[in-house]
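Student: My questions will all concern the structure given below.
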Amino acid sequence: MSAQSTPHGAVLKVISLGKLMSSPAAVAAELLAACTDMEFFYLDCTDWKDGSLSASQVQRLFQITKTLYDLPQKEKSAWAADHHHSEETIVGYKEAGIDPGPVEGRKDGFEGFMVREYLSI
């Protein structure tokens with residue numbers, strides 16, 4: 001796993017999709033660390049070249065994701081996650097600024113849809 005610095009000096013972990021797809025067990029610890037340390041990571045798709053994910057599929061996924069995040073806030077909030085349950089059961093939409101961010105005294109700056117899939121790693 002590598003890291004990339006942002007213009008503001010934050011170091012974000014980078015997970016290689018190629019390594020994840022070819023050796024998931026070897027990347028599992030890196031992925032878990034990225035999810036628990038910063039709760040965010042970049043997924044580097046530049047090294048995934050086996051042909052099972054075409055450029056048109058990537059473009060379609062991008063369009064679907066963009067359409068979802070471009071919805072009015074009221075529509076996204078209708079899917080709000082219930083943060084009063086354990087982390088294992090939280091699914092749904094998380095608005096930006098709800099949780100503490102990685103810098104002490106500041107809120108997070110991202111929104112997201114939490115989808116849980118239970119995997120045996």
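Student: Please go through (1) exposed (fewer than 13 other Cβ atoms within 10 Å of the Cβ); (2) modelled with pLDDT of 80 or more for Tyr118 and return the number of the only condition it doesn't satisfy.
Tutor: (2)
Student: Could you tell me which residue of the stretch 1-44 is surrounded by the fewest Cβ atoms within 10 Å (Cβ to Cβ), considering only residues that are at pLDDT 75 or above and in a strand (DSSP E or B)?
Tutor: Going through the qualifying residues, I end up with Leu43.
Student: For the stretch 47-79, give me each residue that is among the β-branched types (Val, Ile, Thr) and free of Cβ contacts under 8 Å to residues at least 12 places away in the same chain. Working first, answer last.
Tutor: Taking the stretch 47-79 as the starting set, the residues that turn out to be among the β-branched types (Val, Ile, Thr) are 58, 64-65, 67.
If the condition is that a residue be among the β-branched types (Val, Ile, Thr) and free of Cβ contacts under 8 Å to residues at least 12 places away in the same chain, then Ile64, Thr65, Thr67 are the ones that fit.
Student: Based on what the data block shows, is Val103 more than 30 Å from Gly18 (Cα to Cα), at pLDDT below 85 and among the aliphatic types (A, V, I, L, M)?
Tutor: It is true that Val103 is more than 30 Å from Gly18 (Cα to Cα), at pLDDT below 85 and among the aliphatic types (A, V, I, L, M).
The values are calculated or read from the model by the stated rules, or taken from the named source; none is laboratory data. The structure displayed is predicted, hence computed values, not measured ones. Every residue, glycine among them, receives a Cβ derived from its backbone with ideal geometry; neighbour counts consider all protein chains shown.
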